[in-house]
Amino acid sequence: MEYTFIMIKPDGVRKGLVREITERIDKAGLQIVKFDVRKLEGNTIDEHYSHLVEKHFYPSLKSFMSSDYVVPMIVYGENAISAMRSMMGPTKSAEAPKGTIRGDFGDKEIVTYNIIHGSDSPESANIEIKRFFNIDIPELEQEMENRKVKYISR
């Protein structure tokens, strides 16, 4: 059982895919444990895409990511990282098979418009969860444990 970070990007929000994507997550047997809707600030985008800041395409990526709302979420379940990455499909929507989120909804011409982001490892999941929800996985596990309903026997 593991946690992962998922974010529906501005193109997914504009296309009205939030419900479709969350239903796919639910049907896969995964649980959304935190969910938000927000516009990203420049600093958050720079931090999230720090590995791309020096690339020639970064200004257009930053403009795209700040162009509309995003939906960051924390997803929990068995092999959540690999399950979500399979569900999303390859980064390039043109290479993503039908039945995946990117294959069904991503833009085949513009790589950036690929609907969704997902963590690629437990380490990046922890970093991204901390960045977007200000909680790390050990704290999240404790919070989830505290939220469980405790039944009192009579």
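Being buried (at least 23 other Cβ atoms within 10 Å of the Cβ) and assigned to a helix (DSSP H, G or I) is the filter here; which residues of the range 74-87 pass it?
Passing the criteria: A80, M84.
Name, by its number, the condition in (1) over 18 Å from F35 (Cα atoms); (2) at pLDDT 95 or above; (3) within 15 Å of the chain's Cα centre (by Cα); (4) surrounded by 15 or more Cβ atoms within 10 Å (Cβ to Cβ) that does not hold for A96.
Checking A96 against (1) over 18 Å from F35 (Cα atoms); (2) at pLDDT 95 or above; (3) within 15 Å of the chain's Cα centre (by Cα); (4) surrounded by 15 or more Cβ atoms within 10 Å (Cβ to Cβ), the one that fails is (3).
Just to be sure I understand, how many residues within the range 13-40 are more than 14 Å from I115 (Cβ to Cβ) and of a type in the set (A, V, I, L, M)?
6
Sort out which residues of the range 99-119 are more than 15 Å from I8 (Cα to Cα) and modelled with pLDDT of 95 or more, and write them in order of number.
G99
Among the residues of the range 135-148 satisfying the criterion of being outside any helix (DSSP H, G or I) and among the charged types (D, E, K, R), which is surrounded by the most Cβ atoms within 10 Å (Cβ to Cβ)?
D136
If a residue has to be among the small types (G, A, S) and either at pLDDT below 95 or touching a Pro at 6+ places or on another chain (Cβ under 8 Å) (or both) to count, how many in the range 5-19 make the cut?
Residues that pass the stated criteria total 0.
Can you tell me which residue is surrounded by the most Cβ atoms within 10 Å (Cβ to Cβ) among those in the range 109-134 that are more than 24 Å from P90 (Cβ to Cβ) and without any contact (Cβ under 8 Å) to a residue 24 or more places away in the chain?
This residue is K130.
Between Y49, Y76, which is under 14 Å from the mean Cα position of the chain (by Cα) and without any contact (Cβ under 8 Å) to a residue 24 or more places away in the chain?
Matching residue, one of Y49, Y76: Y49.
Take the range 52-73 and flag every residue that is of a type outside the set (S, T, Y) and either free of Cβ contacts under 8 Å to residues at least 40 places away in the same chain or part of a strand (DSSP E or B) (or both).
The initial filter retains those residues of the range 52-73 that are of a type outside the set (S, T, Y), namely 52-57, 59, 61-62, 64-65, 68, 70-73.
Scanning the range 52-73 gives L52, V53, E54, K55, H56, P59, K62, V70, V71, P72, M73.
Six or more apart or on different chains, Cβ atoms under 6 Å: show the pairs whose first residue is in the range 79-99 and charged (D, E, K, R) and whose second is surrounded by fewer than 21 Cβ atoms within 10 Å (Cβ to Cβ) and assigned to a loop (DSSP other than H, G, I, E, B).
K92/V111
The values are calculated or read from the model by the stated rules, or taken from the named source; none is laboratory data. No experiment lies behind these values; they were computed from the predicted model shown. Glycine also receives a Cβ, built like all others from the backbone with ideal geometry; neighbour counts cover every protein chain displayed.
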